[in-house]
Every structure is written in C-alpha cells, then in structure tokens.
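A quick write-up on the structure given underneath.
The values are calculated or read from the model by the stated rules, or taken from the named source; none is laboratory data. Please read these numbers as outputs of a predicted model, since none were measured by experiment. So basically every Cβ, Gly included, is an ideal-geometry build from the backbone, and we count neighbours across all protein chains shown. Side chains are part of the model used for accessible areas, which takes the heavy atoms of the whole protein and leaves out ligands, DNA and RNA. Shrake-Rupley method; radii C 1.70, N 1.55, O 1.52, S 1.80 Å.
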Amino acid sequence: MTRRHEVAFEPDGRSVSVRPGSTLLEASRRAGVSIRTRCGGVAGCLMCKVNVSAEQAASLSPPTQAEIRKLGSLLSEGVRLSCQARAQGDVTVTVPEDPLKAAIRKKLAEQQQEDDWWS
Ligand code: FES
C-alpha cells in the first residue's frame, strides 16, 4: 500500500489525503479549497500562491526553477506556488485571502466603524 500524505489548508481547516508527489493545487481541489488560477498550473499566472511556515517547508518538494525565477525573494518569506510545490509529507499551508474579498471586507469594516461612530 502506498503511503499517503495529509495536506491541510488554513484558514479553511480542510484537509485531504493525497498520493506522494501530488501538487498542493491538486490537493486543494480534492479538498474543496478554492485557489484561483489562470494559467492552468504551469507557473505562469502567480495566482496560486500559498504560505508555508519554515517548519512545514521540509514536507514539500524543493522549489522548481520556475518558482525560483517567478517568486524570487518571496520564496524566503515562505511563499510557494501551489501548482509547483508537491507534498512529500504531511503538511499544512495557508491560502491567502482573495484580494477582492479582502478589499470588500476592509470596506465593510470601515463602514461599520463609521456607523458605530454615528450611533
Ligand atoms: S496556477 Fe498559475 S502560477 Fe500556479
């Protein structure tokens, strides 16, 4: 029987068991976690970034040449491309908030503060 790896996605808290070598993007789809992409998983769009802590990084494949070229110094900050990084052990990664959702959430918070001020 092939050993499988558990890939967990924060902040959703969802996880999935995958075959060794599965990309984080493949795992996210199986887990029902939304990671937006535009290039189809060929390191072209940079939309599939995830954050990985230093402790968790050892459970992933080393950065590909495409990641090194595209991410540059972001790699040292724990950013990986989910279409390139492959599970080599149990791992937990964080999916950044969608920029549009973040902007809407910020606007709603500002509006709430304004409403609170007037009441
Ligand atoms: S899916 Fe486009 S860079 Fe990863």
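Please list, in order along segment 9-17, the HN-Hα scalar couplings obtained from phi with the Karplus expression 6.51 cos²θ - 1.76 cosθ + 1.60 (θ = phi - 60°), rounded to whole Hz, x for Gly and Pro.
Couplings: 10, 9, x, 4, x, 8, 9, 8, 9 Hz.
Can you tell me what share of the DSSP beta bridges in the chain is antiparallel? A percent to the nearest 5 is fine.
On the way: 11 of 15 bridges.
Roughly 75 percent of the beta bridges in the chain run antiparallel, per DSSP.
Name the shape class, rounded, prolate or oblate, that the alpha-carbon gyration tensor gives for the chain, where a ≥ b ≥ c are the square roots of its eigenvalues, rounded holds for a/c under 1.5, and otherwise prolate holds if a/b is larger than b/c and oblate otherwise. Mind showing how you got there, number by number?
On the way: a/c = 2.38, a/b = 1.81, b/c = 1.32.
It comes out prolate by the Cα gyration axes.
Is segment 21-76 best put as rounded, prolate or oblate by its Cα gyration tensor, with a ≥ b ≥ c the root eigenvalues, rounded for a/c under 1.5, and otherwise prolate when a/b is larger than b/c, oblate when not? All intermediate terms of the calculation are to be shown ahead of the outcome.
Details: a/c = 1.76, a/b = 1.14, b/c = 1.54.
Here segment 21-76 falls in the oblate category.
Using Cα-Cα distances under 8 Å and only pairs 6 or more residues apart, what relative contact order does segment 14-96 have, in percent?
Numbers: 132 pairs, mean separation 32.5, N = 83.
Averaging sequence separation for qualifying contacts and normalising by length gives 39 percent for segment 14-96.
Sequence neighbours fewer than 8 away in the same chain don't count; with that in mind, list the aspartates and glutamates whose C-alpha is under 15 Å from residue 49.
10, 26, 67, 77, 97, 98
Among 68-80, 42-54, 96-108, 24-36, what's the highest-first ranking by average C-beta atoms within 10 angstrom per residue? Before the final figure, lay out each step's value.
Details: 68-80: 14.2, 42-54: 16.0, 96-108: 10.8, 24-36: 18.8.
Most protected by this proxy first, the peptides run 24-36, 42-54, 68-80, 96-108.
Pop out the carbon and sulfur fraction of the accessible area of segment 6-98 as a percent, whole number, probe 1.4 Å.
That fraction is 46 percent.
Pick out which of 64, 23, 94 has the largest mean-square fluctuation in a Gaussian network model of the chain, springs linking Cα atoms closer than 10 Å.
64
For residue 60, list long-range residues whose amide hydrogen, built 1.01 Å from N in the peptide plane, is under 5 Å from its own amide hydrogen.
Here the answer is 88, since their amide H atoms fall under 5 Å of that of residue 60.
So with the 1.4 Å probe, I'd like the accessible area per residue for the chain, rounded to whole Å². Mind dumping the intermediate values first?
Working: 7630 Å² over 119 residues.
I get 64 Å² per residue for the chain.
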